[in-house]
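Working notes, structure below.
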Amino acid sequence: MRPFTYERATDLAAAVKAVAENPGARFLAGGTNLLDLMKLDIEQPTHLVDVNRLPLSAIEDTVEGGLRIGAMVTNSHLAADARVRARYSVLTQSIVSGGSGQLRNKATTGGNLLQRTRCAYFYDTSKPCNKRHPGSGCSALEGLNRNSAIFGASEACIATHPSDMAVALTALDAQVETVTPQGATRTLAVADLHRLPGDTPHIETNLAPGELIAAVILPPAAAGGQVYQKARDRASYAGGLASVAVVGTKVAFGAVAHKPWRAEKAEAALAAGASAVEAAHAELAGARDNGKNGFKIALVARMTVAALDEAKQGRGA
Amino acid sequence: MKTTITVNGQARALDLDPRTSLLDALREHLNLKGSKKGCDHGQCGACTVLVNGERINACLSLAVMHDGHEVTTIEGIGGEANLHPMQQAFLEQDAFQCGYCTPGQICSAVGMLKEAADNWPSQATEDLGAAIALTDAEIRERMSGNICRCSAYPQIIAAIRDVAGEVA
């Protein structure tokens, strides 16, 4: 691992300033993804600002009847929270389907959102990758693309976002509260946090350099059942090939795009009275594959129908 | 960088390169070789230790992040003269062959039983509103972060079952 300097932040504004003013600096939260990527020489920060001890570890009720989740709340504590289990069960379902017990005990809410793709070529430093080296090319386009995107991809990048939690948050219309380098607080929808790859797949979010996620805000959940379904190669502790989150008639997909994919066409079809099958096909009609990932199109369609049916029967309501 | 970590009940003062993982600090600086380095990427679970009572992968954490924390390794779980019930159960159920993953399995199992007792859910939990019933399916799911290349899984589940007791 390359050398770096380390500081433990005790003040939120100072932490944001320390990262905003130093192009080589990164925030360190749970570290389960960042430190792994540093060992592999994919991430090369020169300075780490450890934000674990900032006062961002509370889950609080909001006046609107939702929840405000501090960015440093661990995945385990969030999944186990009684309010989350009772009112946002899709969030618990999604979190416990990701990683292992050990990882969920360390990984944080903010860090989970900002984890990076598991594309094999992003991890293989001997191969071109536009995320690691902008302009070097995308090895996945004609390579091992079984787990690549089927929505919103570009000629520059067909990587997917690996988070399960973010898919549930998207279906729940959650918002992210950040602190900007200027010290202001701003909120944006989780659905608007990540970007599609376009020509700049190395720019993955709409956060400014140094902007810190302070909290995730859940509005009161939409009525109806809540279901998270995940398909993968092993029964446990494996990344998703595809996942579907349903909250009433809100639908989001995971592991199929550069960001959690809000299935707006499916939602519009459902609102217009379409069946689950018709709604799934309305969304999947826009899917494109690169050869080895074509199976995801039929898979996501079937998972969507199953998840909508389960939600309709009241699971997770 | 100066860091003080309470390891197995004793405050240990260290002066570390910030790159030092918690696992390397335990093994190479404190000579506690029980925690094992398997993959060094959080995939195998051989390095599992308890930090402030919760299990984590010691390989995916920097030691300097743990200043003031309480770390329990397999050496702190128990030794020959005072075996922890989980260690005794692993012996009685023959829950290992080569033994390399065993310290991580035992630390993980101890942490896992507390999580279940605290009613934390898992992917195997069907009713998120009910008390956790620690079925074999629950144990398998909750232990999926610990790999055993000798595949002693049935015996590992039997050992954990011995300590957890039967499901009511």
Checklist entry - Can you spot a residue in region A:35-47 that is part of a helix (DSSP H, G or I) and more than 20 Å from residue A:8 (Cα to Cα)? => result yes
Next on the checklist: I need the full set of residues from region A:74-88 which are crowded, with 23+ Cβ neighbours inside 10 Å, within 20 Å of residue B:114 (Cα to Cα) and not β-branched (Val, Ile, Thr), in order please.
Outcome noted: A:75, A:76, A:78, A:79
Item to check | Filtered residues of region A:180-212 (kept if of a type in the set (Val, Ile, Thr) and in contact (Cβ under 8 Å) with a residue 12 or more places away in the chain) | outcome: A:180, A:185, A:187, A:190, A:200, A:205
Checklist entry - Somewhere in region A:54-63, is a residue touching a Ser or Thr at 6+ places or on another chain (Cβ under 9 Å), open to solvent by less than 10 Å² (accessible area, probe 1.4 Å) and either facing chain B (nearest Cβ under 9 Å) or outside any helix (DSSP H, G or I) (or both)? => result yes
Checklist entry - Here are B:161, B:149, B:140: which of them is basic (Lys, Arg), assigned to a helix (DSSP H, G or I) and more than 14 Å from chain A (Cβ to nearest Cβ)? => result B:161
Checklist outcome for this item: If you go through A:114, A:103, A:91, the only one that is touching a strand residue (DSSP E or B) at 6+ places or on another chain (Cβ under 9 Å), within 23 Å of residue A:261 (Cβ to Cβ) and open to solvent by 20 Å² or more (accessible area, probe 1.4 Å) is A:114
Next on the checklist: Given the options A:208, A:238, A:242, name the one that is within 30 Å of residue A:101 (Cβ to Cβ) and touching a helix residue (DSSP H, G or I) at 6+ places or on another chain (Cβ under 9 Å).
Outcome noted: A:242
Checklist entry - Which residues, taken from region A:36-53, are out of contact with any Phe, Trp or Tyr (no Cβ under 8 Å at 6 or more places or on another chain), within 23 Å of residue B:43 (Cβ to Cβ) and more than 9 Å from chain B (Cβ to nearest Cβ)? => result A:37, A:41, A:43, A:44
Checklist entry - Do you know which residues across region A:3-30 are at the interface with chain B (Cβ under 8 Å from one of its Cβ atoms), open to solvent by 10 Å² or more (accessible area, probe 1.4 Å) and closer than 23 Å to residue A:123 by Cβ? => result A:3, A:4
Checklist entry - For region A:184-211, how many residues meet the condition of being at pLDDT 95 or above, open to solvent by 30 Å² or more (accessible area, probe 1.4 Å), out of contact with any strand residue (DSSP E or B) (no Cβ under 8 Å at 6 or more places or on another chain) and in a loop (DSSP other than H, G, I, E, B)? => result 8
Item to check | Residue pairs meeting the criteria (Cβ under 7 Å; at least 6 apart or on separate chains; first within 16 Å of residue A:231 (Cα to Cα), in region A:300-312; second in a helix (DSSP H, G or I) and among the β-branched types (Val, Ile, Thr)) | outcome: A:305/A:277
Next on the checklist: Residues to consider are A:120, A:140; find the one that is among the small types (Gly, Ala, Ser), in contact with a Ser or Thr (Cβ under 6 Å, 6 or more places away or on another chain) and more than 30 Å from residue A:72 (Cβ to Cβ).
Outcome noted: A:140
Checklist entry - Just checking, how many residues over region B:95-119 are open to solvent by less than 70 Å² (accessible area, probe 1.4 Å), assigned to a helix (DSSP H, G or I) and within 14 Å of another protein chain (Cβ to nearest Cβ)? => result 13
Item to check | Meets criteria (within 9 Å of another protein chain (Cβ to nearest Cβ) and either open to solvent by 10 Å² or more (accessible area, probe 1.4 Å) or not polar (S, T, N, Q) (or both)) for residue B:64 | outcome: yes
Checklist entry - Within region A:132-160, which residues are within 26 Å of residue A:109 (Cβ to Cβ) and crowded, with 23+ Cβ neighbours inside 10 Å? => result A:147, A:149, A:157, A:159, A:160
Checklist entry - Considering only region B:54-82, how many residues are in contact (Cβ under 8 Å) with a residue 60 or more places away in the chain and either in the same structural domain as residue B:109 (by TED's automatic domain parsing) or more than 10 Å from the chain's Cα centre (by Cα) (or both)? => result 10
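The values are calculated or read from the model by the stated rules, or taken from the named source; none is laboratory data. Given the structure is predicted, the values throughout are model-derived calculations rather than measurements. Neighbour counts run over all protein chains shown; Cβ positions are idealised from the backbone, glycine included. We work out accessible area using only protein heavy atoms, side chains counted, and drop any ligands, DNA or RNA first. Shrake-Rupley method; radii C 1.70, N 1.55, O 1.52, S 1.80 Å.
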